[in-house]
Amino acid sequence: MPDRQSLPNLLRRTALAREAFETRRRQPLFQVQALAPELYQIIECASGLERARRSSHAAALRCVADLERALTPSAG
């Protein structure tokens, strides 16, 4: 059992770990980049790999939403 003096240090380290986790969690999974006036690629941020190409920005954003939905576990 930790002594009373180490408890504030433990609480501080826990708060820092939670903050670091939340920062990583808020980072985008995918990024849309323009290749040409009517061509967009979807890049996976973690690996830097191209995941898809679409002919409009709106279609690229829909694709990103579909990819993120596929990666997110359903709540049911």
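The values are calculated or read from the model by the stated rules, or taken from the named source; none is laboratory data. All values reported here derive from a predicted model rather than from experimental measurement. Please note: Cβ atoms are built from the backbone with ideal geometry, for glycine as well, and neighbour counts cover all protein chains shown. Areas reflect the complete protein model, heavy atoms only, side chains present, ligands, DNA and RNA absent. Shrake-Rupley method; radii C 1.70, N 1.55, O 1.52, S 1.80 Å.
Here are the numbers for the structure shown:
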| read-out | value |
| --- | --- |
| Count - residues of region 24-55 that are part of a strand (DSSP E or B), within 17 Å of Arg69 (Cβ to Cβ) and among the hydrophobic types (A, V, I, L, M, F, W, C) | 4 |
| Flag for Arg53 being of a type outside the set (Val, Ile, Thr), at pLDDT 95 or above and open to solvent by 80 Å² or more (accessible area, probe 1.4 Å) | yes |
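For (1) modelled with pLDDT under 90; (2) at positive phi; (3) open to solvent by less than 60 Å² (accessible area, probe 1.4 Å); (4) touching a Pro at 6+ places or on another chain (Cβ under 6 Å), each residue gets a yes or a no:
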{"residue": "Arg4", "(1), (2), (3), (4)": "yes, no, no, no"}
{"residue": "Ala20", "(1), (2), (3), (4)": "yes, no, yes, no"}
{"residue": "Val32", "(1), (2), (3), (4)": "no, no, yes, no"}
{"residue": "Leu49", "(1), (2), (3), (4)": "no, no, no, no"}
{"residue": "His57", "(1), (2), (3), (4)": "no, no, no, no"}
{"residue": "Cys63", "(1), (2), (3), (4)": "no, no, yes, no"}
{"residue": "Leu71", "(1), (2), (3), (4)": "yes, no, no, no"}
{"residue": "Ala75", "(1), (2), (3), (4)": "yes, no, no, no"}
